[in-house]
Amino acid sequence: MADEKKPKIDLKARLGKTAVGGATPPPPAVGGIPAPAAAPTPAGSSGSVAPAPTPGAVQSGGGLPVPPGIPVGPPPAFKSGAVNLDPSNPLAAAMAQPAPARSQAPAALPQPQRIEVDELTVQEARKGARKQGLMVGIIFGVVLGAIGYIAGGAQETNKGRTQSVAHAKSLAGDVGTSREQLKSLAEKLEAGRDKLAKEKKFPDTLAKDLSAVNVDFDGTKLAGVRFSGFTQDTTSGLIEYISSVQAANDRKNALMGLLAKLQKPMTEQLAAQASGKPPAVSFVVLMDKDSAKNPYAVLAPLQKPIELSASMPAEFTAVDPRRKAAVTAPKLTSLDKPGAAYVVPQSVDAAFPSETAGQVGQLVSQLSRLISDIRGEAPAAGEAISEPKPGLLEKADRLVTGLNKVQ
């Protein structure tokens, strides 16, 4: 009974050594090419199995014999024609063929993921974006500013040039007006000089005539003027012309003061010279002797000048310069007695020129100098090297020409 409960297991049949399972195929040849499997037993044949070829007789895929003892090809478990074992056999699980690989399911769509970022990183990113935006804005603003500056500069240049032309025209008119005033001033100065030097008369109306003429061109004329279209010669000429006109006005004012001061004494002197009478006696010499009986003389002015005539007064009243007191001395008749003798007027004028006589020449010189500044000076006779000195009238003409060329 015990033998019936435990049937005998035929291991050879289960290992594929029987005719039912077929002979175990030889291992594949070198190179991965499997050896030809044994032909299946026909249905009507006996259960015997054709003997498997010996390992030494197996040919490789390339035609070379496989040495004995070296397995060729994959193990039986990986062959498609594996031996079917009894499911109850413990080796059935090991010898079972692997299940065919299932087709992979389509890949699932990526699911949204949540990324956690700390607040510090976000703030840093915001600062970087803010700085980058600020830099882009600054660059963009600079570019727009440059474009606007260029466009505005061109417009401003055109506007400034238009203003420069208008200012130049206005200055040309002012210079022309001042030129006419200078010409009128020169004419009045020449008339006064000729009356004083040629007619020997004092120009009593000259001071009033000069005060009526004012050359109106000073530095205020250049206030707010645009010089963008002015040449260098025109600009420097304007400054020089203003300085020269101011100097002429200052000299004119000085002449007006000198004329007022010299009018009375010069009028009397010139009137006496014009009458043809001999000059009046103004000084006498007081003669006397010192304690050693040596004669001496004192020059003393008369209290009142007297006319020179054949019959001189018997006594003279003069001012003794030593005591600043008036003295009366008889006409000198002998050197042995004290007395007074008159002094010839021409000798006094020659030795001691009077202030009035010197100022006449000074006045004529001042008038001539101002006339020369206005009208200019020609080269002196016989001097070929010297150049003519342009006057204010010529400078005014040059300025008007230069100002009218401003565009």
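Coordinate-derived values only; no laboratory data. Treat the numbers as computed from the prediction; the structure is a model and nothing was measured. Here the Cβ is made from the backbone with ideal geometry for all residues, glycine too, and neighbour counts use every protein chain on show.
The table below gives the values:
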| quantity | calculated |
| --- | --- |
| Where trypsin sites (Lys or Arg not before Pro) fall in DSSP loop in region 213-291, at most 11 other Cβ within 10 Å | none |
| Alpha-carbon centroids, region 275-291 and region 168-218: separation in whole Å | 44 |
| Region 391-407 - phi-based ³J(HN,Hα) in whole Hz, Karplus 6.51/-1.76/1.60, Gly and Pro as x | x, 5, 5, 5, 5, 5, 4, 5, 5, 4, 5, x, 5, 6, 8, 5, 10 |
| Kirkwood hydrodynamic radius (C-alpha pairs) into Stokes-Einstein, region 166-210, 25 °C and 0.890 mPa s, D in µm²/s | 203 |
| Fewest-first ranking of 234, 328, using other Cβ atoms within 10 Å as the exposure measure | 328, 234 |
| 28 Å Cα-Cα threshold exceeded, pairs from 195/324; 195/389; 264/389; 201/331; 195/277; 159/395 | 195/324; 264/389; 201/331; 159/395 |
| Distant-in-sequence amide H partners of residue 342 (H built 1.01 Å from N, under 5 Å) | 285 |
| Residue order, fewest to most beta carbons within 10 Å, for 296, 241 | 296, 241 |
| Backbone HN-Hα couplings from phi across region 269-276 [Karplus 6.51/-1.76/1.60, Hz, Gly and Pro as x] | 5, 5, 5, 5, 5, 6, 6, x |
